[in-house]
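Have a look at the structure below before the remarks.
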Amino acid sequence: MSDPDGGLVASIMPDVMRCLDSQGFFEELDNLFCPTDASRERQRCGGNYEVSKSILTSQGFSEADIEDVCAVLAAQGGCCDCEVLYNVAETSRLKTEYWRAQAEGRESDRLHRNSQ
């Protein structure tokens, strides 16, 4: 979606967010990055929307819809999969875990695959 002035993104944002909420998108993403089952391996962020796009595709969103969703997520500070959970989702276990570690003076796990 090419939207240099942000007008279209702003106009579709509430509806896109309602669709994502109703589809359970944020919960699915959180389940992959911060599983409740400690035996499951955590997904690592590639600094892109690879995981989000996979979820959206499995939920039946078209390529054009996914492009719109990514524009809406980016406009809210979610410029990659993990930032969607940190900056866009109202609540997420990943965000809670991060801030708990900060409050306790610990470093949280780095989620980007290219992080050292």
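Taking D15 as meeting all but one of (1) acidic (D, E); (2) exposed (fewer than 15 other Cβ atoms within 10 Å of the Cβ); (3) touching a helix residue (DSSP H, G or I) at 6+ places or on another chain (Cβ under 8 Å), write down the number of the exception.
The one condition D15 does not meet is (3).
Tell me, please, whether a residue that is touching a strand residue (DSSP E or B) at 6+ places or on another chain (Cβ under 8 Å) and over 23 Å from T91 (Cβ atoms) can be found in the stretch 38-46.
yes
Which pairs do you get when a residue that is within 14 Å of E83 (Cα to Cα), found in the stretch 96-116, comes within reach of a residue that is at pLDDT below 90 and part of a loop (DSSP other than H, G, I, E, B), reach meaning Cβ atoms under 6 angstrom, with the pair 6+ apart or on two chains?
Y98/S108
Collect the residues in the stretch 2-41 that are on the phi > 0 side of the Ramachandran plot and at pLDDT below 95, keeping them in residue-number order.
G6, the sole residue that qualifies.
Residue by residue through the stretch 48-82, note down the ones that are touching a residue at least 24 places away in the same chain (Cβ under 8 Å), within 9 Å of the chain's Cα centre (by Cα) and under 17 Å from V9 (Cβ atoms).
Matches in the stretch 48-82: Y49, S52, L73.
Could you run through the stretch 83-102 and say how many residues are more than 15 Å from F25 (Cβ to Cβ) and either among the β-branched types (V, I, T) or more than 13 Å from the chain's Cα centre (by Cα) (or both)?
Count: 7.
Condition first: among the basic types (K, R) and touching a Leu at 6+ places or on another chain (Cβ under 7 Å). Now tell me which residues in the stretch 24-71 satisfy that.
Residue satisfying the conditions is R44 alone.
The values are calculated or read from the model by the stated rules, or taken from the named source; none is laboratory data. Note that this is a predicted model, so its numbers are computed, not measured. FYI the Cβ positions are ideal-geometry reconstructions off the backbone, even for glycines, and counts take in every protein chain you see.
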